[in-house]
Each structure stands twice: as C-alpha cells, then as structure tokens.
Amino acid sequence: AHTLNYNDGKLNMSVLGRSWDVWLAGAWNIAQYAALLHMYAHCLKLPVGEIEFYTTDCHLYSNLLTQTKEQLNRQSYPFPKLTIKDRGQQYLQDFVIDDFIVEGYKSYPALKGQITVVGGY
C-alpha cells in the first residue's frame, strides 16, 4: 500500500509493505515505487520529493547471507537520473515503457541466489 502527500512544494510517497525480502526484492521495490512516484508527479505536474518505506516483516534468509555480505561490501555508484518523456500523460495507464529515460545507470555484476520457500500459508 502507498500514500501520497504534498509537503514543502514536492510530492512524497509513503510505502507500507506487509512482508519484505530485503535481498531479493529490496532494490526492485525501491525502483518500482520511485518510478510510480515520478508518474504521479508527472501527471500532477509537481516536483518529485521523497519515498519512505515501512514494513511489518522485513527479513533476510540465511541461504542468502553470502550474497548479502557481497552486496553490502560494494561501494554505491552515483544514483542514475530518471526522466519521463512528456507526451501529455494525464493518467497512470497513459505511460508506456519508452516514456522512461534512465541516464547514468551503472551496476555491478548480478548476484544470484535461490528463492527461499517457506511454508505455513
């Protein structure tokens, strides 16, 4: 779930996650909500502010500790810049993948890990 607020002249987002597998989904979730915030801001013609993440079950599985340590030991690259082509989009469903321009993205080689299967659901 997410909520939006307008504060200090910018559109901000709060995200509540029930369950968050930090290593597997953390970066992906941050990127997808950042894109969503940019889409909302574009439609509302507001500057992009900040995203806050809250979770009730933030976890890291023991079979991913090696990959997590490797990831934590890496120096962060400068953040890339996301811009959106203005085609007059007014609604979220008006966006297409070619509207998103990412500049300055740099990454390390991919880390691979097994999805952890847990029971009890």
Query - Failed criterion for Ser62 (all others in (1) surrounded by 12 or more Cβ atoms within 10 Å (Cβ to Cβ); (2) within 18 Å of Leu111 (Cα to Cα); (3) hydroxyl-bearing (Ser, Thr, Tyr) hold) - result: (1)
Query raised in the report: Residues of segment 15-27 being open to solvent by 30 Å² or more (accessible area, probe 1.4 Å), over 20 Å from Val48 (Cβ atoms) and not in a strand (DSSP E or B), which ones?
Result: Arg18, Ser19, Val22, Trp23, Leu24
Query raised in the report: Of everything in segment 28-44 that's farther than 17 Å from Val96 by Cα and modelled with pLDDT under 95, which residue is most open to solvent (accessible area, probe 1.4 Å)?
Result: Trp28
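Just checking, how many residues over segment 45-59 are assigned to a strand (DSSP E or B) and modelled with pLDDT of 95 or more? Can you show your working first?
Residues of segment 45-59 that are assigned to a strand (DSSP E or B), as a first pass: 48-55, 58-59.
Narrowing the set further to residues that are modelled with pLDDT of 95 or more leaves 48-52.
Residues flagged as assigned to a strand (DSSP E or B) and modelled with pLDDT of 95 or more within segment 45-59 amount to 5.
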Query raised in the report: Within segment 1-30, can you find the residues that are closer than 27 Å to Thr68 by Cα and of a type in the set (Ser, Thr, Tyr)?
Result: Ser14, Ser19
**Report entry** Which listed residue, of Arg87, Arg74, is over 18 Å from Ala1 (Cα atoms), without any contact (Cβ under 8 Å) to a residue 40 or more places away in the chain, more than 18 Å from the chain's Cα centre (by Cα) and open to solvent by less than 70 Å² (accessible area, probe 1.4 Å)
**Finding:** Arg74
Query - Single residue of Phe79, Phe53 found to be open to solvent by less than 70 Å² (accessible area, probe 1.4 Å) and within 30 Å of Asn5 (Cα to Cα) - result: Phe53
Query raised in the report: In this structure, does Asn12 turn out to be surrounded by 15 or more Cβ atoms within 10 Å (Cβ to Cβ) and either free of Cβ contacts under 8 Å to residues at least 24 places away in the same chain or polar (S, T, N, Q) (or both)?
Result: yes
Requested in this report: Return the pairs, sorted by first residue and then second, in which the second residue is part of a helix (DSSP H, G or I) and open to solvent by 50 Å² or more (accessible area, probe 1.4 Å), the first residue lies in segment 32-49 and is among the hydroxyl-bearing types (Ser, Thr, Tyr), the beta carbons are less than 8 Å apart, and the residues are 6+ apart or on different chains.
Outcome: Tyr40/Leu92
Report summary line: Among the residues of segment 90-121, the number that are of a type outside the set (Ser, Thr, Tyr), open to solvent by 90 Å² or more (accessible area, probe 1.4 Å) and either modelled with pLDDT under 95 or in a loop (DSSP other than H, G, I, E, B) (or both) is 7
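The values are calculated or read from the model by the stated rules, or taken from the named source; none is laboratory data. All of these numbers come straight from a predicted model, not from anything done at the bench. In this analysis, Cβ positions are derived from the backbone assuming ideal geometry, glycine residues included, and neighbour counts consider all displayed protein chains. In case anyone asks, the SASA skips ligands and DNA or RNA and just uses the protein heavy atoms, side chains included. Shrake-Rupley method; radii C 1.70, N 1.55, O 1.52, S 1.80 Å.
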